[in-house]
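Asker: My questions will all concern the structure given below.
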Amino acid sequence: RTELALEETMSSGGAEDDIPQAERKTVTDFCYLLDKSKQLFNGLRDLPQYGQKQWQSYFGRTFDVYTKLWKFQQQHRQVLDNRYGLKRWQIGEIASKIGQLYYHYYLRTSETSYLNEAFSFYSAIRQRSYYSQVNKEDRPELVVKKLRYYARFIVVCLLLNKMDVVKDLVKELSDEIEDYTHRFNTEDQVEWNLVLQEVAAFIEADPVMVLNDDNTIVITSNRLSETGAPLLEQGMIVGQLALADALIIGNCNNQVKFSELTIDMFRMLQALEREPMNLASQMNKPGMQESTEKPARRENPHKYLLYKPTFSQLYTFLAASFKELPANSVLLIYLSATGVFPSGRSDSEGPYDFGGVLTNSNRDIINGDALHKRNQAYKEMHCLHPGDLYPFTRKPLFIIVDSSNSVAYKNFTNLFGQPLVCLLSPTAYPKALQDQSQRGSLFTLFLNNPLMAFLFVSGLSSMRRGLWEKCQDYLRKINRDIAQLLTHSRSIDQSFLQFFGDEFLRLLLTRFIFCSATMRMHKIFRETRNYPESYPQLPRDETVENPHLQKHILELASILDVRNVFLENTLDDY
């Protein structure tokens with residue numbers, strides 16, 4: 001390919017002898033770096049997706065070559081323009097690949113700062129109009145590169161909550177798709193229009209809008225901030241375990257999704273991340289700090305995002321996480337999935353007798369269902385049963401199940417005496433709320449953004465920023481009180497306290513109790529199946545039905561003027 005590039009430059013730039021040796025070497029070096037970068041980039045696909053160590057050196061090499069390539073084309077732009085015929089879209093392609101590298105680095109490490117780096121490269125492409133000339137060339141495959149760039153940029157902006165940029169990008173992408181399908185009459189028009197529909201639904205998934213005084217929408221972030229989790233106070237005896245790894249699994253039929261992320265997965269992954277810092281602000285600036293000093297903060301837990309995995313994929317990733325879990329660490333499994341119920345009546349009550357949640361089947365699911373109907377003695381195959389998780393309870397395990405059959409996991413047995421907690425969603429919601437399921441589960445919304453969930457069940461769909469911030473402050477006070485209730489409880493299972501030392505798990509536990517207490521006080525949540533449950537069970541009178549907490553929830557309802565939605569004397573109703 002290098003020879004070919006050189007020949008092309010010769011033919012366009014006159015006789016071979018006219019080209020100075022140095023310039024010829026510049027073109028040869030550029031072609032070498034370009035080939036090498038493509039080769040390494042394509043090799044990334046062959047790396048195993050699980051396991052945290054094998055990929056790092058390969059990623060490092062790829063990064064190095066792309067850094068060299070980027071600097072090289074900047075330094076020698078004039079020569080490459082004249083002698084190689086470097087086009088602006090080719091520079092855009094290099095920048096786009098670097099953006100993709102940073103994004104994949106984020107996926108592999110869960111370090112949110114890499115998202116900012118991806119964003120800056122993707123932004124540069126747009127600001128400098130690297131792809132603007134593509135539409136003049138009669139090559140549909142180049143236009144597809146441009147459309148893919150837009151789709152990738154949108155994913156990064158969604159993850160960084162840059163909703164204003166997302167809206168601009170969607171408009172631009174829509175125009176590009178229209179132009180592309182008009183010019184090339186291609187078969188993939190339907191697919192690209194689906195991309196637009198998916199992202200539009202994703203943006204509108206939040207059930208409540210927070211508004212500035214000029215009616216623009218306030219972008220709220222739900223990552224862990226400095227003031228996020230209730231602080232541990234003196235006298236709180238909690239465990240020292242740290243959340244190190246998480247599997248976030250999405251397998252809900254018909255839930256809003258974009259790029260292999262359902263809205264539930266998207267919300268949960270943000271609940272397990274800190275606010276991103278700029279890498280530049282983290283790097284050692286001369287005279288600022290000694291190079292031995294690290295920025296004083298803990299890393300995010302590592303995550304695997306699994307969209308509609310098969311049982312074998314799920315088990316492979318689970319085993320890899322389990323194997324690499326450091327000492328004194330916790331593995332979190334989040335399951336947002338359609339419920340699978342037992343097909344026949346069973347005399348026993350074992351860990352495979354209650355069904356579980358759906359795993360993806362590569363085969364025709366109808367045949368699978370027919371098989372179960374024929375022989376009810378067999379268990380459901382495309383299903384993650386509680387018993388499937390038993391081997392992994394040899395290490396501290398924190399499970400969240402958001403499903404219509406979450407209660408299957410209530411029948412857990414702690415075989416190995418390690419800390420083990422399951423937080424389980426309601427299995428059904430009151431009829432008035434049911435039509436929202438496509439836009440994400442209410443239970444997961446409570447774990448990600450409890451105030452928005454509270455407003456939604458209170459019948460509110462928009463709110464002024466000032467009131468929102470006042471309620472957020474009050475909610476922080478409620479969280480502090482819940483933390484005290486938990487740590488001062490005399491009858492609570494020790495597993496809860498062993499997990500309570502970790503910021504992320506502490507926040508999830510306090511939000512779970514807030515969610516449960518809110519639903520138990522709400523006038524339309526009147527059936528047992530409308531309430532979240534847990535394994536082991538929480539002492540109700542000391543937590544989810546504590547009069548002190550109930551008083552706080554009524555206070556919050558009063559601030560919002562929705563007290564009539566809740567029962568006043570809940571204790572008398574039980």
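The values are calculated or read from the model by the stated rules, or taken from the named source; none is laboratory data. Worth saying up front: this structure is predicted, and the values here are computed from it rather than measured. Please note: Cβ atoms are built from the backbone with ideal geometry, for glycine as well, and neighbour counts cover all protein chains shown. Surface areas here come from the heavy atoms of the whole protein model, side chains and all, with no ligands, DNA or RNA. Shrake-Rupley method; radii C 1.70, N 1.55, O 1.52, S 1.80 Å.
Asker: For Ser329, enumerate residues with amide H under 5 Å from its amide H, sequence gap 5+ or separate chain, H modeled in the peptide plane.
Answerer: For Ser329, whose amide H was placed from the backbone, the distant partners under 5 Å are Ala242.
Asker: A further question follows. For a quick check of your reading of the filter: which trypsin sites (Lys or Arg not before Pro) in the range 127-229 sit in a DSSP loop and have no more than 11 other Cβ atoms within 10 Å?
Answerer: Working: sites: Arg128, Lys136, Lys145, Lys146, Arg148, Arg152, Lys162, Lys167, Lys171, Arg183, Arg223; in loops: Arg128, Lys162, Arg223.
Answer by residue number: there is no such site.
Asker: Now, a different point. How high is the relative contact order of the chain? Use alpha-carbon pairs under 8 Å, at least six apart in sequence, and give a whole percent.
Answerer: Values: 808 pairs, mean separation 77.1, N = 574.
Relative contact order, the chain: 13 percent.
Asker: Continuing with the same structure: Report the antiparallel proportion of the DSSP beta bridges in the chain as a percent, rounded to a multiple of 5. Could the numbers behind the result be given before it?
Answerer: Numbers: 11 of 42 bridges.
Antiparallel: roughly 25 percent of the beta bridges in the chain.
Asker: Might you tell me the accessible area per residue for the range 21-206, computed with a 1.4 Å probe and given in Å²?
Answerer: Working: 9200 Å² over 186 residues.
That works out to 49 Å² per residue.
Asker: Right, here's the next one. Candidates [x] 26.9, 98; [y] 26.3, 121; [z] 25.4, 114; which is the computed Rg and Dmax of the Cα atoms in Å?
Answerer: From the options [x] 26.9, 98; [y] 26.3, 121; [z] 25.4, 114, the structure gives [x].
Asker: Whole-Hz ³J(HN,Hα) for each residue in the range 521-534, computed from phi via Karplus 6.51 cos²θ - 1.76 cosθ + 1.60 with θ = phi - 60°, x for glycine and proline: what do you get?
Answerer: Once rounded to whole Hz, the list reads 8, 6, 5, 8, 8, 10, 9, 4, 6, 7, 10, x, 10, 8.
Asker: In addition: Mind checking which lysines have their C-alpha under 22 Å from Lys136, skipping anything on the same chain fewer than 8 residues away?
Answerer: Filter leaves Lys87, Lys145, Lys146, Lys171.
Asker: Probe radius 1.4 Å, ligands and nucleic acids ignored: give me the carbon and sulfur share of the accessible area of the chain as a rounded percent. Walk me through the numbers on the way to the answer.
Answerer: Working: 13190 of 27240 Å².
For the chain, the apolar C and S fraction of the accessible surface comes to 48 percent.
Asker: Once the piece of chain linking Asp168 and Ser462 is laid out straight, how much longer is it, given 0.36 nm per residue of separation minus the C-alpha distance between them? Mind showing how you got there, number by number?
Answerer: On the way: separation 294, 0.36 × 294 = 105.84 nm, distance 2.28 nm.
Length gained between Asp168 and Ser462: 103.6 nm.
Asker: Turning to a different aspect of this structure: I'd like the Karplus ³J(HN,Hα) series for the range 197-204: coefficients 6.51, -1.76, 1.60, θ = phi - 60°, whole numbers in Hz, and an x wherever there's a Gly or Pro.
Answerer: Once θ is set to phi - 60°, the couplings for the range 197-204 become 5, 4, 5, 4, 5, 5, 5, 8 Hz.
Asker: If ligands, DNA and RNA are left out, what is the accessible area of Trp55 with a 1.4 Å probe, given in Å² to the nearest 10?
Answerer: 10 Å²
Asker: Given the DSSP H assignment, sum -39500 (n - 2.57) over each helix run of at least 4 residues in the chain and divide by its residue total; what's the result at 222 nm in deg cm²/dmol, nearest 500?
Answerer: Working: 18 runs with 263 residues, N = 574.
When only DSSP H runs of four or more count, the value is -15000 deg cm²/dmol.
Asker: Quick one: which residues, 5 or more positions from Thr338 or on another chain, have an amide H under 5 Å from its amide H? H modelled 1.01 Å from N in the peptide plane, none for Pro or chain starts.
Answerer: Sorted by chain and number, the residues that satisfy this are Asn251, Cys252, Asn253, Leu358.
Asker: Could you give me the radius of gyration and the Dmax of the range 21-206, taking only the C-alpha atoms into account and expressing both in angstrom?
Answerer: In Å, with Rg to one decimal and Dmax whole: 17.7, 61.
Asker: So how exposed is Asp541, as accessible area in Å² (1.4 Å probe, rounded to 10)?
Answerer: For Asp541, solvent-accessible area is about 110 Å².
Asker: Then there is this: Restrict the search to the range 95-167; then list the GluC sites (Glu not before Pro) that DSSP places in a loop and that have at most 13 other Cβ atoms within 10 Å of their Cβ.
Answerer: Values: sites: Glu111, Glu117, Glu137, Glu141; in loops: Glu111, Glu137.
Answer by residue number: Glu137.
Asker: I'd like the accessible area for Ser312, computed on protein heavy atoms only with a 1.4 Å probe and all protein chains in place. Round to 10 Å², please.
Answerer: For Ser312, the solvent-accessible surface is approximately 70 Å².
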